Amino acid sequence: MPAIVLVGAQWGDEGKGKATDLLGERIDYCARFNGGNNAGHTIVVGGEKYAVHLLPSGILTPTVTPVIGNGVVIDLAVLFSEIDMLGQRGIDTGRLVVSANAHVIASYHRTIDKVTERFLGKAKIGTTGRGIGPAYADKMSRVGVRVQDLFDEKILRQKVEGALEQKNHTLVKIYNRRAIDPNAVVTELLEYVDRLRPMVQDTGRLLNAALDNGKTVLLEAGQATLLDVDHGTYPFVTSSNATAGGACTGSGIGPTRIDRVMAVVKAYTTRVGSGPFPTELENPDGEKLRAVGAEFGVTTGRPRRCGWYDAVVARYAARVNGVTDFVLTKLDVLSEFDTIPVCVGYRLPDGSVIEEMPMTQTDFHHATPVYEEFPGWREDISKAREFDDLPKNARRYVEALQEMSGAPFSVIGVGPARDQTLQLRSLT
Ligand code: GDP
Ligand code: IMO
Ligand code: MG
């Protein structure tokens with residue numbers, strides 16, 4: 001019966017992969033609903049580390065049916081290399097189902113992603129270069145190629161030719177690049193058809209039938225609230241709806257079927273790529289967060305920008321997503337600090353202090369954090385398994401964060417492994 005949505009509350013990399021994996025056998029289906037292989041979700045099981053980019057994190061639980069929903073953009077080369085990589089490590093991916101309506105990332109999307117970023121120079125977004133933005137742009141412009149188009153060669157050819165007509169003019173005349181041959185693109189895409197065909201289904205119908213039959217469906221986001229194209233720090237965002245609303249459009253499940261919205265939030269903040277980040281620390285504390293928290297991108301290997309917890313961002317995420325539960329991750333990383341500041345509001349250039357996200361991006365760019373400081377605990381908490389195992393100052397920090405963040409903290413992470421988890425409330 002229940003559908004559960006799982007989103008990121010900040011700028012991504014909060015630990016969504018681990019949170020999904022924790023639900024394990026309590027879910028029957030795990031569907032990605034947005035983004036593509038710009039995501040990088042890490043799961044640590046039995047000392048083994050897995051990184052998935054396109055496949056839903058539920059793929060590691062043998063009883064779960066993993067689904068790639070209609071809202072995802074799929075790079076087929078990545079899809080099959082991820083399947084092969086997991087296969088070589090003994091993980092069975094044979095249950096994977098792919099939406100016939102999902103859009104395909106073709107080589108020209110990757111090319112355009114890279115050249116437009118280069119063209120933007122200092123104003124670049126800092127994308128992952130995976131062709132995500134151009135693929136979603138084609139979807140909205142109605143010149144996209146969908147998974148189902150691969151099953152009709154004539155249609156596929158027409159669509160690829162249509163998509164490239166304008167792009168080739170732009171590539172040659174503006175970006176000084178060579179035109180892309182539609183035949184080569186079609187040939188490349190058709191190489192995947194035979195492997196793809198048995199996985200493809202009407203996933204909206206499949207997931208609704210599962211709910212009708214009393215199954216539990218988890219809808220897993222890529223990216224996060226502040227990277228959402230509508231609710232994030234536009235234009236420094238990704239090109240999809242990574243918030244809970246996107247879970248409906250990206251899966252074909254109606255909002256009335258969703259019982260719970262879980263948001264994963266890190267005990268501090270990180271961001272990859274360009275864009276405003278009020279609590280960013282460009283100092284030794286920031287470097288320490290990066291080193292202790294191993295804050296380097298799973299997808300691009302880029303060092304993540306690091307800063308203190310921002311309660312304004314968490315409250316905003318609670319509101320935008322209708323969060324019922326927070327999963328607080330990486331509390332253990334803060335054990336290394338004597339004092340831990342938390343951003344409780346922003347001071348704007350006119351001297352005023354606000355406690356909500358400002359209406360304009362200009363104000364957000366110029367906002368400076370107002371901090372409340374908490375004493376650290378300075379002891380290893382990675383072996384704690386109950387809330388009461390935590391030192392007093394760690395409990396006070398968590399309670400203060402919960403108070404400020406607008407929804408209960410149901411799970412707390414004290415390390416990357418499955419069992420390094422404190423469960424405060426049941427998740428299903
Ligand atoms: P995602 O994109 O939201 O799935 O997150 P990433 O996998 O990109 O980044 C989160 C990183 O933090 C991964 O390396 C996880 O293994 C790790 N992680 C998750 N939860 C915890 C935690 O509670 N403590 C620590 N130390 N690491 C964690
Ligand atoms: P997960 O799911 C962190 C960022 C990029 C860039 C912006 C746009 O692992 O949390 P894109 O390639 O999507 O057009 O890039 O979004 N970005 C992420 N940052 N985690 C992610 O995914 C991200 N996916 C995209 O760094 O700033
Ligand atoms: Mg990630």
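The values are calculated or read from the model by the stated rules, or taken from the named source; none is laboratory data. These figures come from a predicted structure and were not determined experimentally. Backbone-built Cβ (ideal geometry, glycine too); neighbour counts: all protein chains shown.
Restricting attention to the range 251-272 and to residues that are out of contact with any Lys or Arg (no Cβ under 8 Å at 6 or more places or on another chain), of a type outside the set (Lys, Arg) and more than 23 Å from residue 328 (Cβ to Cβ), the residue that is farthest from ligand 3 (Cβ to nearest atom) turns out to be 256. With respect to residue 29, is the statement that it is farther than 20 Å from residue 210 by Cβ and either out of contact with any Gly (no Cβ under 8 Å at 6 or more places or on another chain) or not hydrophobic (A, V, I, L, M, F, W, C) (or both) true? So residue 29 fails the test. Screening the range 3-31 for residues that are more than 12 Å from residue 264 (Cβ to Cβ) and assigned to a strand (DSSP E or B) and picking the one that is farthest from ligand 1 (Cβ to nearest atom) gives 3.
May I ask you to verify whether residue 309 is under 27 Å from residue 57 (Cα atoms) and touching an Asp or Glu at 6+ places or on another chain (Cβ under 8 Å)? Criteria not met by residue 309.
Candidates 167, 159, 114, 173: the one that is touching a helix residue (DSSP H, G or I) at 6+ places or on another chain (Cβ under 9 Å) and farther than 26 Å from residue 199 by Cβ is 167. Look at residue 240 and say whether it is farther than 30 Å from residue 362 by Cα and surrounded by 24 or more Cβ atoms within 10 Å (Cβ to Cβ). Against the criterion (farther than 30 Å from residue 362 by Cα and surrounded by 24 or more Cβ atoms within 10 Å (Cβ to Cβ)), residue 240 does not qualify.
Restricting 131, 121 to residues that are away from ligand 1 (no atom under 16 Å from the Cβ), on the phi > 0 side of the Ramachandran plot, touching a residue at least 40 places away in the same chain (Cβ under 8 Å) and outside the structural domain of residue 234 (by TED's automatic domain parsing) narrows the list to 131. How many residues does the range 393-428 hold that are within 16 Å of ligand 2 (Cβ to nearest atom) and assigned to a loop (DSSP other than H, G, I, E, B)? Residues flagged as within 16 Å of ligand 2 (Cβ to nearest atom) and assigned to a loop (DSSP other than H, G, I, E, B) within the range 393-428 amount to 1.
Conditions (1) over 23 Å from residue 129 (Cβ atoms); (2) surrounded by fewer than 22 Cβ atoms within 10 Å (Cβ to Cβ); (3) free of Cβ contacts under 8 Å to residues at least 12 places away in the same chain, marked per residue:
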{"position": "59", "(1), (2), (3)": "yes, no, no"}
{"position": "68", "(1), (2), (3)": "no, no, no"}
{"position": "81", "(1), (2), (3)": "no, yes, yes"}
{"position": "93", "(1), (2), (3)": "yes, yes, no"}
{"position": "99", "(1), (2), (3)": "yes, no, no"}
{"position": "103", "(1), (2), (3)": "no, no, no"}
{"position": "109", "(1), (2), (3)": "no, no, no"}
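Before we move on, is residue 385 in contact with a strand residue (DSSP E or B) (Cβ under 7 Å, 6 or more places away or on another chain), modelled with pLDDT of 95 or more and basic (Lys, Arg)? When the stated conditions are applied, residue 385 passes them. Remark: pairs (first residue in the range 346-361, in contact (Cβ under 8 Å) with a residue 60 or more places away in the chain; second residue surrounded by 14 or more Cβ atoms within 10 Å (Cβ to Cβ); Cβ separation under 6 Å; 6+ apart in sequence or on different chains) = 346/354; 346/367.
The residues on offer are 217, 261, 186, 265, and the sole one that is surrounded by 14 or more Cβ atoms within 10 Å (Cβ to Cβ) and either more than 23 Å from residue 408 (Cα to Cα) or not aliphatic (A, V, I, L, M) (or both) is 186.
Among the residues that make up the range 373-389, is at least one of them in contact with a Gly (Cβ under 6 Å, 6 or more places away or on another chain), of a type in the set (Gly, Ala, Ser) and either assigned by TED's automatic domain parsing to the domain that holds residue 227 or surrounded by fewer than 18 Cβ atoms within 10 Å (Cβ to Cβ) (or both)? Yes - at least one qualifying residue is present in the range 373-389. Restricted to helices (runs of 4 or more DSSP H) entirely inside the range 195-299, those with at least 2 residues that are in contact (Cβ under 8 Å) with a residue 60 or more places away in the chain and within 18 Å of the chain's Cα centre (by Cα) are 244-249.
For the range 177-193, the condition holds for no residue, the condition being that it is polar (S, T, N, Q), within 24 Å of the chain's Cα centre (by Cα) and at pLDDT 95 or above. Pairing residues of the range 35-57 that are touching a residue at least 40 places away in the same chain (Cβ under 8 Å) with residues that are within 13 Å of ligand 3 (Cβ to nearest atom) and among the acidic types (Asp, Glu), at Cβ distances under 7 Å and at least 6 apart in sequence or on separate chains, gives 56/220; 57/220. For the range 298-320, the candidate set comprises residues that are modelled with pLDDT under 95 and of a type outside the set (A, V, I, L, M, F, W, C); within that set, the residue that is nearest to ligand 3 (Cβ to nearest atom) is 299. For the range 374-385, the criterion of being out of contact with any helix residue (DSSP H, G or I) (no Cβ under 7 Å at 6 or more places or on another chain), not in a loop (DSSP other than H, G, I, E, B) and not charged (D, E, K, R) is met by no residue.
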